[in-house]
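**Q** Starting off with a structure, shown below.
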Amino acid sequence: MLFIILADILIYFIVTNFNNAHFSKKMYDSISRSNSADFTFVIVDNNSMPEDLDGLDELSSRSNVVVIKNKKNVGYFSGLNIGINYVRKYFKDAKYLVVGNNDIVVPSDFFERVASCETVLKKYPVVAPNIRMLDGTPQNPHVISGISKKREFIYDLYHSSYLMAGLIVRLAKLTHKFTDRKDEQQHEVAQEIHQGYGACYILTPKFFEYFDELWAPTFLMYEEYFLAKQLEEKGFKTYYEPRISVTHHCHASTGMLPGKLKWQYSREAHKEYRKYVKVWS
């Protein structure tokens, strides 16, 4: 969690950590180098290994860092919800909550850019920033209008077996120029979107007029869809705002998972997703 007052805007960052305290440190350093006033950085740890917790303990020795240590790994959105509830309990004046992964790098002008987008932040419950990978590849807008039936069929096929998943991944690498979604090509266009990439969101006061926390029916994966559905049930969409940008190391936590375990998490999330999205009925 991070807070700062800038042009009467109060912002908090809430991130999760799982065996990657070095990324939490990088994020802390990037915020420290930004054009900001005093801030506090709170990390929700999902039961990391002792040696990783040592790194978090070193961070928490600083006056503006707080670490919340979970006794078990509760997952991504559920972990963020622990931080959200903490902020809402102890910081009643919390206004904007930037929630997401700890492998985000904040640019030096981040807070000025947030301030310049206050009109958008007042109107929408969730704002998705311009997320760029280290090589500059954009990750937002993630899904602008929806998922095609052809791609839904591929999702079903991917989750039918681990062997099939591996074949689809290898085929996708060979054909990505033709099969990649074109959504990210609109990364310079501010607009309402169906889903923002799950690494980083800004939750606004409008969000907390309708919700207490993020809907988290899965341990990991498909968070983008469940947030989109949560918003749509109240008549809202996520807004993509390219003026607010961050850099994303990408897969800092999930990249450490064994391939089959990661696929199993995805399969369980896909089953939950299919309870609500029945393409073939």
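The values are calculated or read from the model by the stated rules, or taken from the named source; none is laboratory data. These numbers were taken from a predicted model, which means no experiment stands behind them. Cβ atoms come from the backbone with ideal geometry, glycine included; neighbour counts cover every protein chain shown. Note: areas computed on protein heavy atoms with side chains; ligands, DNA, RNA excluded. Shrake-Rupley method; radii C 1.70, N 1.55, O 1.52, S 1.80 Å.
**Q** What are the residue pairs meeting all of these: first residue in the range 67-94, first residue within 24 Å of Lys262 (Cβ to Cβ), second residue buried (at least 20 other Cβ atoms within 10 Å of the Cβ) and small (Gly, Ala, Ser), Cβ atoms under 7 Å, and 6 or more apart or on different chains?
**A** Asn70/Gly79
**Q** Now a separate question. Quick check on my filter: what residues within the range 233-263 are modelled with pLDDT of 95 or more and over 26 Å from Met27 (Cα atoms)?
**A** Residues satisfying the conditions are Glu233, Lys234, Gly235, Phe236, Lys237.
**Q** Looking at the range 92-144, which of its residues are within 18 Å of Thr40 (Cβ to Cβ) and at pLDDT below 95?
**A** Selection gives Lys92, Asp93, Ala94, Lys95, Tyr96, Leu97, Val98, Val106, Phe110, Phe111, Val114.
**Q** Then there's this: What number of residues in the range 91-121 are assigned to a helix (DSSP H, G or I) and farther than 17 Å from Val15 by Cβ?
**A** So in the range 91-121, the residues assigned to a helix (DSSP H, G or I) come out as 110-116, 118-121.
Okay, now just the ones that are also farther than 17 Å from Val15 by Cβ, so 112-113, 115-116, 118-121.
Going through the range 91-121 one residue at a time, the tally reaches 8.
**Q** For the range 94-134: of the residues being under 18 Å from the mean Cα position of the chain (by Cα) and among the polar types (S, T, N, Q), which is nearest to Met221 (Cα to Cα)?
**A** Asn101
**Q** With respect to Val127, determine if the residue is in contact with a helix residue (DSSP H, G or I) (Cβ under 9 Å, 6 or more places away or on another chain) and under 22 Å from His251 (Cβ atoms). It would help to see each step written out before you state the result.
**A** On the way: in contact with a helix residue (DSSP H, G or I) (Cβ under 9 Å, 6 or more places away or on another chain): yes; under 22 Å from His251 (Cβ atoms): no.
Answer is no for this residue.
**Q** So, one more: Checking Ile82 against (1) open to solvent by less than 10 Å² (accessible area, probe 1.4 Å); (2) modelled with pLDDT of 95 or more; (3) not polar (S, T, N, Q), which single condition isn't satisfied?
**A** Here Ile82 clears every test but (1).
**Q** Tell me the residue from Glu233, Glu223 that is closer than 30 Å to Ser160 by Cβ, among the acidic types (Asp, Glu) and either open to solvent by 30 Å² or more (accessible area, probe 1.4 Å) or free of Cβ contacts under 8 Å to residues at least 60 places away in the same chain (or both), please.
**A** Being closer than 30 Å to Ser160 by Cβ, among the acidic types (Asp, Glu) and either open to solvent by 30 Å² or more (accessible area, probe 1.4 Å) or free of Cβ contacts under 8 Å to residues at least 60 places away in the same chain (or both) holds for just one of Glu233, Glu223, which is Glu233.
**Q** Now for a different question. Kindly indicate the residue of the range 45-66 that is without any contact (Cβ under 8 Å) to a residue 40 or more places away in the chain and of a type in the set (A, V, I, L, M, F, W, C) and also surrounded by the fewest Cβ atoms within 10 Å (Cβ to Cβ) among those meeting that condition.
**A** The extreme case among them is Met49.
**Q** Just checking, which of Ile131, Ile154, Ile202, Ile147 is open to solvent by 40 Å² or more (accessible area, probe 1.4 Å) and outside any helix (DSSP H, G or I)? So that I can check it myself, show each step before the final result.
**A** On the way: Ile131 fails: open to solvent by 40 Å² or more (accessible area, probe 1.4 Å); Ile154 fails: outside any helix (DSSP H, G or I); Ile202 fails: open to solvent by 40 Å² or more (accessible area, probe 1.4 Å).
The match here is Ile147.
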